[in-house]
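The structure appears right after this line, and notes come after that.
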Amino acid sequence: MLQLGVTPADSPGDVAISLQIIALMTVLSLAPAILLMLTSFTRIIVVLGFIQRAVGLQQAPPQQTVTGLALFLTLFTMYPTWNQVYERGLAPYLAGEVNYSQAWTETITPVREFMFRYTREDELSLMVSMSGTERPASRAEVPTRVLIPAFMLSELKTAFQMGVVIYIPFIVVDMVVASVLLAMGMMMLPPMMVSLPFKILLFVMADGWNLVIVSLLKSFTNVA
């Protein structure tokens, strides 16, 4: 007979298992946000978006393809960090060698080290001052809630700097095409329509995808 209701736990272990299930469901529900905030995904997806807009192709490649490429590049760049997370925190916890508190400390430490490696001092100082906390004497004293937004701001700044470099050659092509059309008196012809094939040809001949991907990977020194 099926019964619905809340029954008391028979042992403390049952309570612990229930709490672990709740924690696991919470982590799974926050997985997309964690992927965005604590990994290299932000920089990669922004730079790939700059490529699409610089070339002038809004739907090619499709957004699903760009996002999928960003996800796999994120897996590639984050593998050393996630491997440390598993070996230092998750594996000992699953084996019963450490408790939850120790496992959490060992798990978050490699992630914090990754974020500190690519967080700029200006953004970190800004978030520390905005949080109202005292200036930390060492990295260990920086709260994770302060480090995460500082890391994201740093990633956005780096991504936009790379995006500007990507935009420059395509802007030059647009300016040259617009000047030629103006000199020929073809002012009614949209310059973007004419420059698009030339920008695609430039990107292909320069092996643009390889250049951009290599630059992205080398910007993360742990995989360079």
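The values are calculated or read from the model by the stated rules, or taken from the named source; none is laboratory data. This structure is a prediction, so every number in the text was calculated from the model and none was measured. Here Cβ is always computed from backbone atoms with ideal geometry, including for glycine, and neighbour counts include all displayed protein chains. Calculation scope for accessible area: heavy atoms of the full protein, side chains included, ligands and nucleic acids excluded. Shrake-Rupley method; radii C 1.70, N 1.55, O 1.52, S 1.80 Å.
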All but one of (1) open to solvent by 40 Å² or more (accessible area, probe 1.4 Å); (2) under 23 Å from PHE203 (Cα atoms); (3) touching a residue at least 40 places away in the same chain (Cβ under 8 Å); (4) not in a loop (DSSP other than H, G, I, E, B) hold for LEU57, so report the exception by its number. (4)
Picking from THR109, THR105, which residue would you name as being open to solvent by 30 Å² or more (accessible area, probe 1.4 Å), farther than 25 Å from LEU153 by Cβ and assigned to a helix (DSSP H, G or I)? THR105
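The rows are residues; the columns are (1) open to solvent by less than 90 Å² (accessible area, probe 1.4 Å); (2) within 21 Å of the chain's Cα centre (by Cα).
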site: VAL128; (1), (2): yes, no
site: ARG139; (1), (2): no, no
site: ARG145; (1), (2): no, yes
site: MET152; (1), (2): yes, yes
site: LEU156; (1), (2): yes, yes
LEU90, sole failed condition from (1) in contact with a helix residue (DSSP H, G or I) (Cβ under 7 Å, 6 or more places away or on another chain); (2) hydrophobic (A, V, I, L, M, F, W, C); (3) open to solvent by 70 Å² or more (accessible area, probe 1.4 Å); (4) assigned to a loop (DSSP other than H, G, I, E, B): (4)
Which one of these is in contact with a Lys or Arg (Cβ under 9 Å, 6 or more places away or on another chain), of a type in the set (Val, Ile, Thr) and modelled with pLDDT of 80 or more: THR221, THR158? THR158
Here's a check for you: in the range 190-224, which residue that is among the hydroxyl-bearing types (Ser, Thr, Tyr) and surrounded by 11 or more Cβ atoms within 10 Å (Cβ to Cβ) is nearest to TYR79 (Cα to Cα)? SER219
The range 159-189, subset outside any helix (DSSP H, G or I) and open to solvent by less than 60 Å² (accessible area, probe 1.4 Å), residue farthest from ARG43 (Cα to Cα): GLY185
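Can you confirm whether SER195 is polar (S, T, N, Q), farther than 30 Å from THR39 by Cβ, without any contact (Cβ under 8 Å) to a residue 40 or more places away in the chain and in a helix (DSSP H, G or I)?
no
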